[in-house]
1. Among what's in the stretch D:147-171 and is surrounded by fewer than 20 Cβ atoms within 10 Å (Cβ to Cβ) and within 30 Å of residue D:105 (Cα to Cα), pick the residue that is farthest from the chain's Cα centre (by Cα).
2. Among the numbered criteria (1) surrounded by fewer than 20 Cβ atoms within 10 Å (Cβ to Cβ); (2) touching a residue at least 24 places away in the same chain (Cβ under 8 Å); (3) touching a helix residue (DSSP H, G or I) at 6+ places or on another chain (Cβ under 8 Å), which single criterion is violated by residue B:144?
3. Can residue D:34 be described as at pLDDT below 90 and either within 10 Å of chain C (Cβ to nearest Cβ) or crowded, with 24+ Cβ neighbours inside 10 Å (or both)?
4. Inside the stretch C:134-167, can you point out the residues that are in a helix (DSSP H, G or I) and within 14 Å of chain A (Cβ to nearest Cβ)?
5. Have a look at A:126, A:130 and point out the one that is within 30 Å of residue B:33 (Cβ to Cβ), in a helix (DSSP H, G or I) and out of contact with any strand residue (DSSP E or B) (no Cβ under 6 Å at 6 or more places or on another chain).
6. Looking at (1) at pLDDT below 95; (2) touching a helix residue (DSSP H, G or I) at 6+ places or on another chain (Cβ under 7 Å), can you tell me which one residue D:154 breaks?
7. List, please: which pairs have Cβ atoms under 9 Å, are six or more places apart or on different chains, and start with a residue in the stretch D:117-131 that is at positive phi and surrounded by fewer than 20 Cβ atoms within 10 Å (Cβ to Cβ) and end with one that is at pLDDT below 95 and in a helix (DSSP H, G or I)?
8. In this structure, does residue A:84 turn out to be part of a helix (DSSP H, G or I), surrounded by 24 or more Cβ atoms within 10 Å (Cβ to Cβ) and at the interface with chain B (Cβ under 10 Å from one of its Cβ atoms)?
């Protein structure tokens, strides 16, 4: 009988894609060449690029964290999970593109609305895909049975605010695109706040496991 | 006596190349700068880029899956296998180039045929190389002997339709290049359909191994 | 009860980001196209790019080494450590950008000062973030208790000169930007000098552990 | 007492750099835009790019293989080994640049000589650095003592022809640059020939260990 698929390579491949997507973001930062008003001024003029960079870095980082939390509790994989995981990676690897799109057009009357909504759609789709990955694993019984109900609920709860929050911000973006971008920033950073501080995953004193 | 080569680094290096090739595809998506007709219109105009992106993402994803299936059943490596694996990686890492070639020329009367055939050749060579890797491992006795005949046939069967399908589509591409591209899309997605649904690898209830 | 988070994926993801950031540096080296005075002369004209490349390669390499030293002694992780680690990675992945900025403007009267200070700030922030990671792990009791006090002090000492040195060089850079860049080179290489040679981590004869 | 450094992260980080460098080569292949004589003709005109691509892919692949062979036999690391390894990675990650340089100038009377010699120097420095890594590990007693003398000599022998061969080809390149490039191709492919076929590492029947 075939050995069950190990989760090791799924984690290694996913870590690779997360690490590359998060690092490729830097290629969208261009070195200013027009420095007539001084390089400092030229760098400051590029604030949309840095803003979009930090949002995407935080969002991919939070997604990697959520993904780690999920695979940490998996005890088996099935073919559907592997494909759903590929969908997560497809959406994550689009982030450098939608980030660049937003940075390029956020000061562009008319185009800013489309760019901000596309960026938000990418963010919400990533969050929704990761959330689906967890729900799929639960439904198919792929999660470690030693995990008690409270912990399952905790992880489920953590994965939800992202989706709801981004949907709200996309709607805001239709009216006030720039404000929505600052909302993306706040939300992606909030999703990174140490969960211990929010009382969901208690930080156990080391050694108490 | 030298220790036998572990498969660990072959997997790690291959995962790295797969992950990078699949993520580099995004660099071929360019941010539209001419937005006189609106950014949404400019994005829609780039459909060949998105189409080629999804095809290549699915094809590399399917190749990674097949590769994982193969190395999962290896119990030893030999020098020939390592070189054959490098050939697989060479062909995979060419995908961002042939993808960009297709996206750039698919609306280009005259050039479209060449681009689509080159793209198809890359896809079929990847599929053929992965299939050869499996046959080589079988022939050299590198596969886990616990794997029963039915499972061996199952994996062999799964690796075959890709090659035959892409050859057919390349021939189609000589006459109807655009249609062939949609064929590549359908085939690369089909190769990703959960195998459990096709009755080849039954999804065992977890814990039944 | 949930299993404690393994350090494995944190290491794998971090190794990925370090490896990509250090390798992406090469994309900032451009192939000279104007070779009227000979290709050798054109290559020599690009010395700022090579200089910045070596500085950043050495700095990222030294950071990876320090990071390896830290995670090697961790016996547990907590949510704060994971976020602090993301901050280290954010700063490391900015290096290709600030490297390119310095290479582009080091011969540019007026802009050179800003470029060199921004580059130095990136270098010092990376060093400070890595140092914070270690202090955080110590303070939260995440470090292997078998590590004796002398070894803890040794690693703490090793992580300090980077921060102090880069701060001094940034101040120098405000007055003499080019000299500061050669200071960055000397310091980043010095941080790579085998620690065994500095009497901090004795090179034990193999097998004596 | 501190635990000895594991070789795991050195391998993971090195695999990352090898995988990225080998995959970044594809970014130097540019999609032809001038297709007045047909796309096939335009692609054929780019032969220097494909030639340089295959050389570098084979050379990095062979280096990765040699590196795997070396770390496979390590039983301990020391600080010097880690730094020497960083030097190997620095030289490997320069390959996409020297590859692009050669592809751009090989048809450029006058510049071709410089490009080909620079490319050759990169190739020989990589081979020499990997060879030094092995000799260093031997001299410092870091190699598994179970490895018998014949096997040590076998690996030492395998690492030598690269250096000598590339030096010869660089000298040839001073006179006949284009011929030397084909020499690089032959040599880098030869270094990949299954060693089993050359009687150095016998391919043991599986299970005989």
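1. It comes out as D:171.
2. Going through (1) surrounded by fewer than 20 Cβ atoms within 10 Å (Cβ to Cβ); (2) touching a residue at least 24 places away in the same chain (Cβ under 8 Å); (3) touching a helix residue (DSSP H, G or I) at 6+ places or on another chain (Cβ under 8 Å) one by one, residue B:144 breaks only (3).
3. no
4. Across the stretch C:134-167, the qualifying residues are C:136, C:137, C:138, C:139.
5. Result of the check over A:126, A:130: A:126.
6. Condition (2) is where residue D:154 drops out.
7. none
8. It is false that residue A:84 is part of a helix (DSSP H, G or I), surrounded by 24 or more Cβ atoms within 10 Å (Cβ to Cβ) and at the interface with chain B (Cβ under 10 Å from one of its Cβ atoms).
The values are calculated or read from the model by the stated rules, or taken from the named source; none is laboratory data. For clarity, every value in this text was computed on a predicted model and none was experimentally measured. Glycine gets a Cβ as well: all are built from the backbone with ideal geometry, and neighbour counts include every protein chain shown.
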